[in-house]
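Asker: Right, I'll just put the structure down here and ask away after.
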Amino acid sequence: MDSRELAANPILLVEDNEANQKIAIILLRRLGLSADIASDGKEALDKLSKYKYKLILMDCQMPVMDGFETARSTRKIEAAQGIYTPIIAITALAMPGDRERCLAAGMDDYISKPISRDELDSKIKYWLSEQVYNGLQSQQADQCDLSPINLAPLSSFDEAERIKVIDLFFSDGQILLRQINQGLERRDAQYINGKAEILRSSAKAIGAKALHDVAQALEIAVNKSDFALASEEVRNLEACFEVCRQYYLISRD
């Protein structure tokens, strides 16, 4: 991938500190690269559900959702889409095992602050080199169904019926997500599982396998009374739901 291609494909910078954002943007511009900014993990997942980025630069320590949790959520969502976005961790941490922790969360590489322009250039060029980048995409595509929604279960329906069923799914799904969050605030396991089961069943009915699997993971976490994990799975569920919704809207146009 040459410099012109790099410049035409924005990088997502996930960093909460405004000064660090400015430093990273300056370094990227000097390398001829453009970037979009997300100030926390939740904002990053929102942007990733709407836009395609070639690479993510991820700060590890952030409010709302840290880099490790964001990376794990990103990988779960991308598994449903058959895509793979390289993630380079950027962190002030410099303790033994930090790199391994980043890799375990689904990140691909690691840069310590303060950022070195030469190191940043080297890492980006490596992960976006044609051989490495295309190899990652091919490997991910081989492991999953590329479509967040596979309408095979609705094959006996005519187009009008399919639209009605799927529109109802997304309308009801938004209500169920709100109810799941309310249950999470109360730590009401029975209530959460009841709503998650409805969403999981509905997702299966329209062929949204990844959404089905995340809802199931939420139920497992709640059954273990692990509400920290359940909170993470709810965010995964919301992000995956949005990916399915966006995919459906695009496919209808």
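The values are calculated or read from the model by the stated rules, or taken from the named source; none is laboratory data. Bear in mind the structure is a predicted one, so any value in this text is a computation, not a measurement. Cβ coordinates were reconstructed from backbone atoms using ideal geometry, including for glycine residues, and neighbour counts include every protein chain displayed.
Asker: For segment 120-135, name all the residues that are crowded, with 17+ Cβ neighbours inside 10 Å and either assigned to a helix (DSSP H, G or I) or basic (K, R) (or both).
Answerer: Listed by number, the residues that qualify are L120, K123, I124, W127, Y133.
Asker: Still on this model: Do we have D40 as crowded, with 18+ Cβ neighbours inside 10 Å and on the phi < 0 side of the Ramachandran plot here?
Answerer: So D40 fits the description; yes.
Asker: Here is a check on your reading of the model: is R117 surrounded by fewer than 21 Cβ atoms within 10 Å (Cβ to Cβ) and either at pLDDT below 85 or under 20 Å from the mean Cα position of the chain (by Cα) (or both)?
Answerer: On the way: surrounded by fewer than 21 Cβ atoms within 10 Å (Cβ to Cβ): yes; either at pLDDT below 85 or under 20 Å from the mean Cα position of the chain (by Cα) (or both): no.
For R117, the condition - surrounded by fewer than 21 Cβ atoms within 10 Å (Cβ to Cβ) and either at pLDDT below 85 or under 20 Å from the mean Cα position of the chain (by Cα) (or both) - is not met.
Asker: Any idea which residue in segment 57-91 is modelled with the lowest pLDDT, counting only those that are within 28 Å of N150 (Cβ to Cβ) and part of a loop (DSSP other than H, G, I, E, B)?
Answerer: Taking the candidates together, the pick is G82.
Asker: Given the conditions (1) buried (at least 21 other Cβ atoms within 10 Å of the Cβ); (2) closer than 30 Å to R245 by Cα, report the number of the one that L33 does not fulfil.
Answerer: L33 satisfies all of (1) buried (at least 21 other Cβ atoms within 10 Å of the Cβ); (2) closer than 30 Å to R245 by Cα except (2).
Asker: Separate question: Would you tally the residues in segment 150-180 being aromatic (F, W, Y) and part of a helix (DSSP H, G or I)?
Answerer: 2
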